[in-house]
Structures are given as C-alpha cells and as structure tokens.
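The structure appears below as structure tokens.
The values are calculated or read from the model by the stated rules, or taken from the named source; none is laboratory data. These numbers were taken from a predicted model, which means no experiment stands behind them. Cβ placement follows ideal geometry from the backbone for every residue including glycine, while neighbour counts extend to all protein chains displayed. Side chains included, ligands, DNA and RNA excluded: accessible areas come from the protein's heavy atoms. Shrake-Rupley method; radii C 1.70, N 1.55, O 1.52, S 1.80 Å.
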There are 2 protein chains.
Amino acid sequence: MAKEENEEEEMSMELPKELGVSKAANFSVWYNRIIQLADLIEKRYNVAGMFVWKPYGFRIMNQIKKLWDKLFVESSIQETYFPLIVPLEYAQMNKAWFDGFEDEVFWVKGRGEGEPTHILRPTGEPAMYPIFTMWIRSYKDLPLRIYETVSSFRYETKHTRPLIRDREITFWYEIHTAHTTKEESEKELKEHMRINDLIWDALAIPNIKVEKPQWEVFPGAIGAIEYYNIMPNGRMLENGSCNNLGQAYAKKFNITYVDENNQDQYVWQTCTGNGARYLVAALALHGDDKGLILPPRIAPIQVIIIPIFKENIEEVLPTCKEIAENLSKENIPVKIDDVDKTPGEKFYIWEIKGVPLRLEIGPKEVKEHFVTAVRRDLGKRQKVEMKDLTLKVAMLLEQVQNNLYLKVQKFYDEVVFETDKYTEMKAKINEGGVALVYWCQGEDCADEIQRIEGVEIVGITLDDETTGDCIICGKSSGKKTYVARTY
Amino acid sequence: MAKEENEEEEMSMELPKELGVSKAANFSVWYNRIIQLADLIEKRYNVAGMFVWKPYGFRIMNQIKKLWDKLFVESSIQETYFPLIVPLEYAQMNKAWFDGFEDEVFWVKGRGEGEPTHILRPTGEPAMYPIFTMWIRSYKDLPLRIYETVSSFRYETKHTRPLIRDREITFWYEIHTAHTTKEESEKELKEHMRINDLIWDALAIPNIKVEKPQWEVFPGAIGAIEYYNIMPNGRMLENGSCNNLGQAYAKKFNITYVDENNQDQYVWQTCTGNGARYLVAALALHGDDKGLILPPRIAPIQVIIIPIFKENIEEVLPTCKEIAENLSKENIPVKIDDVDKTPGEKFYIWEIKGVPLRLEIGPKEVKEHFVTAVRRDLGKRQKVEMKDLTLKVAMLLEQVQNNLYLKVQKFYDEVVFETDKYTEMKAKINEGGVALVYWCQGEDCADEIQRIEGVEIVGITLDDETTGDCIICGKSSGKKTYVARTY
C-alpha cells in the first residue's frame, strides 16, 4: 500500500529507554514516546496507520468504552453491530458522501475477481441507512435510537498519528437516531451532549463545544456541534461531533415513515460519534515529563502498592495484601507490585504508566500503622494512618481527579485569549495561543482569517452568547469564535 | 462478489409472521426463522454471509462475551487488539497456513492500486505472531497469555448460515499463549478447557470434548481438543477448539527466547478460539415450537412482567413497579411490558424471545398478594406468594437453568448410541443418531467409516478411557470415538 506523506516528527527512530523529552518543549515527540513507553500500544505492526493495542492500553481504553456503554444504555440507546463490508450500491446511495470518501476507502475483493465492488466502512451511514428503510415503516417505529462501537477504516493520505489519525480507527462509536419531528431530533442531540459532558468529566477535562461553520456541515443538514481540546502545543483537536442531519440523509436513502394521517414523511436524523481521541486528550493534557497521569475514573489500576523491605518481603506482604483486599472491597482497583525489582525501578514504571496513587509499605509503616501515600499529580510523600485508610484513599483519588481538571482549566485560561485586533490575534496564535474573537460568520471574513498559515475557524463557542464587531469587517453581528491551529 | 452455492433450505423466502414450523420436523427452517422472529439478527443486509446484530440479539451475545471476558481476566489472560488488515509478508511466513486460506480470504487495496498486497485476517496468527517475536526476548517475558475478541473474515465458498458459518465472523475470541516448556503449555490448555466448561454450564449444555484425529491437526502441532454439540437434527456442530501447537508455529514465525543458560529456544504455544456458535447451541438446543428458551444465565431479560387489567393500568402498575424494583436490587434483570397490546400478544412475543420467566399481575393478584408465574420451559401457571417473591423468583430461574441442562442431557442420551456393528452404525446415523464406536485411529479404517455419505470421524471422546475392538479392522486398541454427520 502507498506510504503516507512524512512529517517532521520522529516516527521510526529506535525507542529510547527513558522518556527524556519535555512535554512543553516537544509535545509531538513526548506523545509518540509515552504511548509506547507506558505500554499502551505497539507501533511496529507493519501496516502504516495501524497499531496493536497492548494489554495496559486496551484496559484504559476499555474503561472509557464501558463508561459510554453504561451511559448509552441508561439513555435507552441500544447497541447493535453492522457488517464491516459495505456494497457499492449502499455506498453510492448518497453520492455526495461517496465522492468525499472515494479516494480514502479500502476496497475489498475475492481472489481472482476484477474491480472491487465492496468497501470497508469509513463511517456507519452506508451500512445502516439502507437497513433503516426496512426497519422504519410507521410512526410507531420511531424514535429509532441505536449505536455501535466498531473499527472504521480510512485510507488516510495525511500523516497518521496513533489514536489521533489512524487508518484503522478502533473503538469508534456512532449513535444514529431517527425521529418524527425536528424538535425531537434537536432534543436527542442535547441528550448526546449531556452524555458527552459526563464523559469529559470522567476524563477530568473541561469540555469546549463549538458550532461548526455552515460550510463544514453536510449539504442539506442543519448543523453540527463539535467538541474540542486544546493540546499542550496550542493546537486544537476535534474530539467528538454531534450532527443534526435534518432530513438530508433521509432524502438520499429514502428513509420514510407513514404518519398518523397515513402520509409518507421523511424522518429527522442525528448522529454522534467519537472514540480513542477521548484517550488522547486524557494522555496529552494530564501527562508530565515523568509519564502519564491517569484520571482515577479511567485508571484500570487506581492504586499501586509497593512493598519495601530489606531482606524478606514477608515482613510487609501480609499488610500489603490486607490493604489491597480492603480497597478491592470498596471497588478501588488496586495492584501489589511484588516482582523482583528495586522500589526505585517500580516507582519509575508506575509513574510512566500514570497510576494516580502509590502506597509504599515498609517495616516502619507496618510497625507504626500508617502507609506512605504519593499522589502521582503532586509527587509528594504523605503519611496516612492505617485506620480509615480506605476512606482516605478514596478521598485522595477524588482530589487527584479534581486537581487534574483544575490544572487543565488553568492551562486553557492561560492559552485562550480574546482580542479585537487582527495583528494581535495572528501574533499570539503563532506563539501557541488560541484566539476567541468576534466573527460575523461571513465566508469572506473567514477566508481572511484563514490566510494565516495553518489557522482555522474552529467554530462558534456555545458558552458566550454576546455579540460584537467582527474582527475583520467590523459588522456588529459577530459571535465569539475560536480561531486556532488544529490537528 | 461471488454468490455462494445454494442448498435445500429456505433462505430468501418472505419471513412468515409466525414461527409455524416444528423444530423436530425441520430444524434448519426453524432456526432460520427463529433468529429473525426473535429479533436477534437482520438478514437482509445485502452482502452474502453477513448480517446485522439487532439490539436484542446483540444483548444476548454480549452476555456471553461478558462471561468469557470475566473468566479470561480472572485467569490473568490479558485483552489486546490486533489490526484487521494483515500484510502478505506476515501472512506468508507460514506457507502451509496461507495455502490453506488463500482462496478464502478477502483482499484489500487502495483505489487505483494494482494486485492487493494485504488481506483481512481470517484468524489471528499472522497478525499476532510476527509481533510475538518482538515481545518475546528472554524467558522472563514468558508466559505470554493474551486474547482478543474481533471480527474475522472468511470468503466462504460453502453455503453460509447466520452465526454458524459467516463471511464476517463476529464476536470471535482467540486466546494465544507462549511458554518455555511443553508441560506448561499443556497445563495452559487445561485452563482453557476449565474456562470453556464453565461457559457451557452457563449455557445449560453438557459439553462434549473430543480429541481430533491427527490428520486434522496442523502439521507439526501436537494435537487439538474440540468441543461439539449435537444439533436437534443429529448433526454435530464444532463449537470451540483448544490447540496444542507445540513448536510448529514458533518455527515458522521464528518465535524464540533466550533461556537461563543463554541459549536460544523456540517457545511452546497454544491457541483457543470460539464465538457466536456458543449462542447457536443455546438457541438450537433449548428452543421449542413456540420460540427461544434462554438459559437464565445468558438472558438479558430474565423476568418479564405483564400487567393485566380491564380498564386502567394504574390498578396494577404500581405493584408491577415495586416487584421490578425488588428484583433489580437482587441483580435479576427484569422488564415491565406496559405497551398498548393485549396480554395474549405480549405472552406470544416474549415466548418467542425466550425470556425464562413471566410474571402476570392483575387486580386479583394485587388484592390477594400473589403473582402468577409461568416458567418458559414448562408453560404452566403457578401461584407465588408476594412475600419472599424475590427469593422464589431466583429459585424458579435456577430451576429453569437446571431443567434446560437436563433436557439436553436427556436428548443426548437418546441420540447417542454405542455399537460394534458397522451396519447398525450406518443405519442409525442415517436415522439421525450419533455413534460412539471403538476405532483404532488408523486412516484406512477412518476412510472406510467416512465412505458413508456425509459421515465423519468427529473425534475420540475424553470421557471414556476404555479400549475395545475397532469397528472396522477389529484391532483391540480401539478408542471410543464419535462418528456422525457434522456441520
């Protein structure tokens, strides 16, 4: 298969034994190293843009998946699975969609067959919507609210980055819904946003939601809300989209229902999707120069216990086990690291892997009935009395969760700036800032802004409803808009 | 893509509104209808051998998957994910393997590219084992014990049957392990069998394990244990295999480790796999002419509550809700069916869907503090006092679980016969029986047995260690062997 275009990053160099790079100084290299050093993924699989989920990475990602499964099911959105292979006749029902993807799909065929007539799904629509026409007959079949978590495939020509831009997009969920009215579909999208906000809370990341400019919305659709993060290098990363499809797809795929007056009507649709980028945000925003810092709510191991002893682990192991048992009973995932390594080596490994809380238990601790606790985000030792240890551990974990959130909020507050001057906007974005400026929503003004190399109109913030003078044309109908470099 | 060969079954006829077919009289048609009528799958997806998992089917299958996830994790087998697309250079490392699959793989390529150089994985080995060579360096890296649950792809030329033989094989797990010694790998396989036995218990199906004839084992491998079911039509269905690979793959992929004496050694490997056929067995063996009967342990809804009332559902709904709440508290999955249909219509639907226990609650029940309970497997109404209802429901569910197991055991006892006469063996197999006969393990004798059309040496039973005279040649070293028609 064709190789992808190359970029400045070290992608193929031998992996160093230590992180040895500052996240602030070179985020790309830091990210590339940490996902491997922390044993999240194996990059050496020999297909460009594809990688192996190693056990530890899989467990963290699966924690996030379990969270969305729980939230979707609680909201009565039902899980399904649609085939990975899509026949061309389905794919071409929406010609605009197909034209957009045609060069970026993988084609599939049997041995000795001629030109392929099937593709691997790049998104769920072409597999799902032909089936929607079978499932939806009458208003009684609505609303239809389903989701699937699958791999999707894009033959990316852009430079791939593990978990950010892959050719096999793993852990990808898509919610697809159909409704009788526009109002109902709008209510549905609010529900998807409510759920996404809860996921962002679990990731300890303040969520940024924007309304996309109209020209980035699918022709005929009503609009799209997208979630964004600001990466440590000041670039914004799209991280989930909630699409108000209106009747655009219904008309292409002919998804209709018979209403109460026996009239054929097109359905109103929404779709919302995201996946492994949730994890990217948590890794990138919380990690430091020692490694990952996992928010407790997505950490498969919340507490690592390190037995410390001179000669015989049995001096301390029974106490370690007792503590581990008590924590497990309270549903706090805990692990004792009793392998044959020095405490220093163990500290180092579990710091890289981002376990939020470390408990050190040595002879002194056993004798004096306390443990030494070290929060991964602070790195300072503190004595915790053995009595009420479980309760105190739970409190410490909550403090880590909250502190991580506040640190990201602080970073966002520092990096986002408001201005009404074009030159200031340009200068500060070039220094790694993210601009929040009034923009009139006109395409000419957008073009003017986007003439700055690599800079994009990200979208109109949902958090600020003030209006002001457009930073380009000065019209007073401007809305607060994020302008930044993006991924 | 090429159409598959056709068979006698109705595969494309319009689905009737009612089951209307006897499982005993025509199992194939019964199976084909019930998986659709019970809303498990959507067959009308327009790629041969692929189907859509509908919400109810997905939930049942996912119950089984959650069970294997739990059992694997408890056994410290770690979950991973390997890419779906495999480069030819990986696939061809084991030439014998590739030659076997070459005509049955889907080939993948980008638009405008020439002959494809990548395939969709038909099994995990060619994606995993090249990576094993990177992960395994020293004896300290062993044992390596991982699994993945994925879709696999076979471009089947045989007639496909949903969940039994698909071109996209969904919910497919594979455990792959590597060890320093043969003994350790044998112990590992026993662990996989212990886990599989537990899964079969949950499915309420007595497990049949056989040792496969040597010529069906991969060249160089040591042996294979396979699980089988006897379907209602007397055909045996392979349902899970545990493979003792020895060093066969290690030598092809060059998977070595440095031992404690600094010598290079090949690893010893096992692999074990299965998937949606677990569900097939539960559907096929427990269902009846009214529909499915789900073993409670895999039923996503164990108890369906039907409110019965003349004019106002409010007469009975509060009691229904109270009962549902109490059952939920005890982790018994329950649903109240309060849609606008008659009780008769609801009974009919939930019988098709196989919910193991129905509770009917009408004004009389509310007034006199009891409920009417109907076990799906017996179909008889019984009064259950409201006090201790939760405990009694739990007992009834356990009785269903046990009764289903015993019914299958009884069917197996009836259908399996022993004989030392060739003509009797042939006649009874032709009447739908399964033979258990002594066989000397010689290929000539096997050929003689397999001259009976469609009949196969399934494998040597693990439950009976007696020896006897081979049914063909009369040699006294024969072992008890299943001989039957198979899928």
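For the reader, a short list of remarks on this structure follows.
- Take the conditions (1) on the phi < 0 side of the Ramachandran plot; (2) open to solvent by less than 40 Å² (accessible area, probe 1.4 Å); A:GLY291 misses just one of them, which is (1).
- Residue selected from the range A:75-86 under the condition surrounded by fewer than 20 Cβ atoms within 10 Å (Cβ to Cβ) and out of contact with any Phe, Trp or Tyr (no Cβ under 6 Å at 6 or more places or on another chain), by the criterion farthest from the other protein chains (Cβ to nearest Cβ): A:SER75
- Members of the range A:76-94 that are over 22 Å from B:MET61 (Cβ atoms), of a type outside the set (A, V, I, L, M) and touching a residue at least 12 places away in the same chain (Cβ under 8 Å): A:PRO87, A:TYR90, A:ASN94
- A residue that is in a helix (DSSP H, G or I) and modelled with pLDDT of 95 or more occurs somewhere in the range B:47-56.
- Matching residues in the range B:175-203 - criterion: being charged (D, E, K, R), buried (at least 21 other Cβ atoms within 10 Å of the Cβ) and either within 14 Å of chain A (Cβ to nearest Cβ) or free of Cβ contacts under 8 Å to residues at least 40 places away in the same chain (or both): none
- Taking every residue in the range B:355-375 that is modelled with pLDDT of 95 or more and pairing it with any residue that is surrounded by fewer than 19 Cβ atoms within 10 Å (Cβ to Cβ) and among the polar types (S, T, N, Q), at least 6 positions away or on another chain, the pairs with Cβ-Cβ distances below 6 Å are B:GLU360/B:THR372; B:ALA373/B:GLN382.
- The lone criterion from (1) more than 8 Å from chain B (Cβ to nearest Cβ); (2) open to solvent by 10 Å² or more (accessible area, probe 1.4 Å); (3) not in a helix (DSSP H, G or I) left unmet by A:SER151 is number (1).
- Any hit, the range A:57-64, residues being hydrophobic (A, V, I, L, M, F, W, C), more than 7 Å from chain B (Cβ to nearest Cβ) and more than 23 Å from A:HIS176 (Cβ to Cβ): yes
- The strands (runs of 3 or more DSSP E) found entirely in the range A:378-487 that carry 3 or more residues being more than 31 Å from the chain's Cα centre (by Cα) and modelled with pLDDT of 95 or more are A:381-385.
- Among the residues making up the range B:421-449, those that are farther than 14 Å from B:ALA484 by Cβ and in contact (Cβ under 8 Å) with a residue 60 or more places away in the chain are B:GLN441, B:GLU443.
- For the range A:122-131, the condition of being open to solvent by 10 Å² or more (accessible area, probe 1.4 Å), of a type in the set (D, E, K, R), closer than 15 Å to A:ALA178 by Cβ and in the same structural domain as A:GLN269 (by TED's automatic domain parsing) holds for at least one residue.
- The combined condition, being outside the structural domain of A:ILE34 (by TED's automatic domain parsing), open to solvent by less than 40 Å² (accessible area, probe 1.4 Å), more than 30 Å from A:LYS410 (Cα to Cα) and at pLDDT 95 or above, is not fulfilled by A:VAL303.
- Checklist (1) facing another protein chain (nearest Cβ under 9 Å); (2) part of a helix (DSSP H, G or I); (3) without any contact (Cβ under 8 Å) to a residue 24 or more places away in the chain applied to B:ARG33, failing item: (1)
- Unmet requirement for A:GLY100, which otherwise passes all of (1) in a loop (DSSP other than H, G, I, E, B); (2) open to solvent by 40 Å² or more (accessible area, probe 1.4 Å): (1)
- Set A:PHE370, A:PHE309, A:PHE347: member being over 30 Å from A:LYS65 (Cβ atoms) and touching a Lys or Arg at 6+ places or on another chain (Cβ under 8 Å): A:PHE370
- The one condition from (1) under 22 Å from B:VAL108 (Cβ atoms); (2) open to solvent by 40 Å² or more (accessible area, probe 1.4 Å); (3) outside any strand (DSSP E or B) that A:GLU156 does not meet is (2).
- The set of residues in the range A:87-122 that are modelled with pLDDT of 85 or more, closer than 20 Å to A:THR157 by Cα and more than 9 Å from chain B (Cβ to nearest Cβ) comprises A:PHE98, A:ASP99, A:ILE119, A:ARG121, A:PRO122.
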